[in-house]
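Read the figures in this text as sums done on the coordinates, not as results from a lab. Fair warning: this is a prediction, and the values are worked out from it, not measured in the lab. FYI the Cβ positions are ideal-geometry reconstructions off the backbone, even for glycines, and counts take in every protein chain you see.
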Amino acid sequence: MGIFGAMTTAISGLTSQSFALENISGNIANSRTTGFKRVDTSFADLVPDMPPRRELSGSVGAFSRNTTTVQGDIAASQIGTNMAITGEGFFAVRQRTGDAGGQPVFSGASLYTRRGDFEVDRNGYLVNGTGNYLMGYQVDPTTGAITGSQLNVIRIPSSNLAARASTTIEYEANLPKYPLTANANASTPGSELLTPANDLAAVPAAQETNFLNETIAGQSVTVYDAAGSPINVQMRWGKTSNAAPETWSMFYLSDSNAVGPATKWTRISNTVQFNAAGQLTSPATGVINTPFTVDGVTTGAINLTFGTTGLTQFADPNGQLNPNRITQDGYPTGTLQDINVADGGRIMGSYSNGQTVPLAQVAIAEFPAANLLKRNDGGIFEQTLESGQPLINSGGDGIIGASLENSNADIADEFSKMIVTQQAYSANTRVVTTAQSMLQDVINIIR
C-alpha cells in the first residue's frame, strides 16, 4: 500500500469530512425550522485484512445519525391549533394526493412528524406548514368519548352544535329560618308563614298579591326545551310550618299573563322539610322531578336537585334566600366560533352559545427504534423495517396546545462542529500534499 494507500486513506477522510460538513450545513439552515431534527455524523474506521503486526489504521467512512428522540425547546404560540409533543412520539399525518368533488383525497399510508404548526383549512381539516394533514379520533361532543378505534384524518365539523334540553337544575341556597316576607311582623307569631289559603297547587292571578306578601323570592333560572328555546323559570318560597319538621312550599311563575281566576303560580312541592339543625330531611333524595310549563311552553321532566346538603335553613338576619349556586345543564343551538387544542391533545370547539365541547382527539405514534425512521421532505418520517411498527395511542399528557417544538439544532454547537470538521479536512489535504511530495522524490531518484 505505502504512499498510494496513505493518499487513498486521506481522500476517504476528505470525503467523510465533506459529508459531515454537509450535515452541519443542513442543521444550520434548519435551525429555525419547526420540529426539525438535526442529523449528526458518525465515523467508522475501515480496516483492510492484514496479517498480525502488519495491520493498518485504515480509511474512514461517514454515516448519518438521526436525533429524532432529542427534544427541541417548546415555545408558546398565539395560534390555538398549534401543538407540540413533549417526550417521545410523533403526530400521525397523511399527504394529499388530489381532489374529488371539491374535497381532498389522501394517500393510504400514514406518515409521521413532529411539526405541529397545524391550522384549519377551508374544508375543516388540520394541515401543517408543509401540507400534511393531521390524524386522530373523532369524539362525541355530548359525552366526550372517542367514537371508534380507526385512525382517520381529523375534520372539524362546521355544523351548528345541537341544542340540549335541560334535564337538571342544581339548586344550592340557604332559606332563612325566619323569612322576612311583606307580612312578617316580629310581634305577631306566624305572620311570616304562608297561610293555607295561599298555599295552593295553582295560585290564581286574582290571589297573587296576597301570595307575594307571604313568600320570598327564590331566584330564577333559564332552562331550555328540546328545540333550544329558552324558558325563564322564576321561583318563590313560602314557609308553612315552624313546628318540627319545619316545612316550606316552592312555586314557579307558570303564566305571566294570567288574569282573574287563571293560574299564575304553580306549586312545585309543599313538603320541603328541615330538622332543628337546619338540615334538609325531605325530599330524602334531595331531588324533585318535575316538568315546567311557562307561558304555554312545556319542558321535559327536570330534576330539581338540592343534594343532601345543598339546601339549608339557617338563621339569616336578611330574611331572604341566599343563593350559593343555581345552574342547569341545557343550552340552545350554537355556531362554531373558535378552535383550540387543550393539553392532552383534545381538540375543543367554542360555540356562540357559550359551550366548549370536544371535537376530536389527536393521536401519538411511538416506535421501538424512532431514530431508524426514514427521513422525507417537510419534517416527515416514514416507517421502516428497522424502526418497527408504530404504537398508536391518544395524546395524554404528551401534547401541549398553543405551543410549537423548535428545531433541536443549536447554532453554537453546529459552529463548533464546523470548526473541528474544517481542521480535520485541512489535515487530510496535508496528507495528500505530503504523499504527492514523497512520490515526486521517488520519481527524482529514477532521474
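When the chain is described by a simple charge dipole with +1 on each Lys and Arg Cβ and -1 on each Asp and Glu Cβ, the residue from Asn408, Gly395, Pro283 located farthest towards its positive end is Asn408. Look at Phe43, Phe367 and count the other Cβ atoms within 10 Å of each Cβ; fewest to most, that gives Phe43, Phe367. Extension gain for Ser159 to Thr271 (0.36 nm times residue separation, less C-alpha to C-alpha distance): 35.8 nm.
Sorting Tyr125, Tyr171 by the number of Cβ atoms found within 10 Å of their own Cβ, with the fewest placed first, yields Tyr125, Tyr171. In straight-distance terms, cross-link reach from Lys177 covers every one of the lysines whose alpha-carbon lies under 20 Å from its own, apart from those fewer than eight places away in the same chain; here that gives Lys239.
Under the definition of Cα pairs under 8 Å and six or more residues apart, what whole-number percent is the relative contact order of the chain?
Values: 1056 pairs, mean separation 103.9, N = 447.
Reported relative contact order: 23 percent.
Please determine, in degrees from 0 to 90 and to the nearest 10, the orientation of helix 411-446 with respect to the longest principal axis defined by the Cα atoms of the chain, where the helix direction is its Cα long axis. Compared with the principal axis, the helix lies near 10 degrees.
Order these peptides, 278-288, 331-341, by their mean beta-carbon neighbour count within 10 angstrom, highest first.
Ranking the peptides 278-288, 331-341 by packing returns 331-341, 278-288.
On the beta carbon distance between Phe63 and Asp338, with R0 = 51 Å, the FRET formula returns roughly 0.60.
Viscosity 1.306 mPa s, temperature 10 °C: give me the Stokes-Einstein translational D for the chain in µm²/s, with Rh taken as the Kirkwood radius over C-alpha pairs. Rounded to a whole number, D works out at 55 µm²/s. Couplings 3J(HN,Hα) for the range 157-168, derived from phi with the Karplus relation 6.51 cos²θ - 1.76 cosθ + 1.60 (θ = phi - 60°), are x, 9, 5, 5, 6, 4, 5, 10, 5, 5, 10, 9 Hz, where x marks Gly and Pro. Near Ile169: Cβ cut-off under 13 Å, other residues only, Lys/Arg at +1 and Asp/Glu at -1. The net charge is -2.
What number does the range 138-237 give for Rg over Rh if you use C-alpha atoms and the Kirkwood radius?
Rounded to two decimals, Rg/Rh equals 1.27.
Pairwise inverse Cα distances across the range 168-328, averaged and inverted, put the Kirkwood hydrodynamic radius at 15.9 Å.
Taking amide H as placed 1.01 Å from N in the peptide plane, Phe314 has its amide H under 5 Å from the amide H of Leu175, Lys177, each at least 5 places away in sequence or on another chain. Backbone geometry of the range 187-193 corresponds, through the Karplus equation with coefficients 6.51, -1.76 and 1.60 at θ = phi - 60°, to 3J(HN,Hα) couplings of 7, 10, x, x, 5, 7, 8 Hz, x marking Gly and Pro.
Remark on Ser191: its backbone amide H falls under 5 Å from those of Asn185, a criterion applied only to residues 5 or more positions apart or on other chains, H modelled at 1.01 Å from N.
Just checking the listed ones, Arg94, Arg122, Arg267: in the Gaussian network model of the chain with Cα springs under 10 Å, the one fluctuating most is Arg122. Taking the C-alpha atoms only, the angle from helix 2-29 to the longest principal axis of the chain is near 20 degrees.
Summary of packing: across the peptides 45-54, 152-161, the per-residue average of other C-beta atoms within 10 Å ranks them, highest first, as 152-161, 45-54. Cβ crowding within 10 Å ranks Lys239, Lys417, Lys264 as Lys417, Lys264, Lys239, fewest other Cβ atoms first.
May I ask you to work out the translational diffusion coefficient for the range 162-218 at 25 °C, viscosity 0.890 mPa s, via Stokes-Einstein with Rh from the Kirkwood sum over Cα pairs, reported in whole µm²/s? D, rounded to a whole number, is 180 µm²/s.
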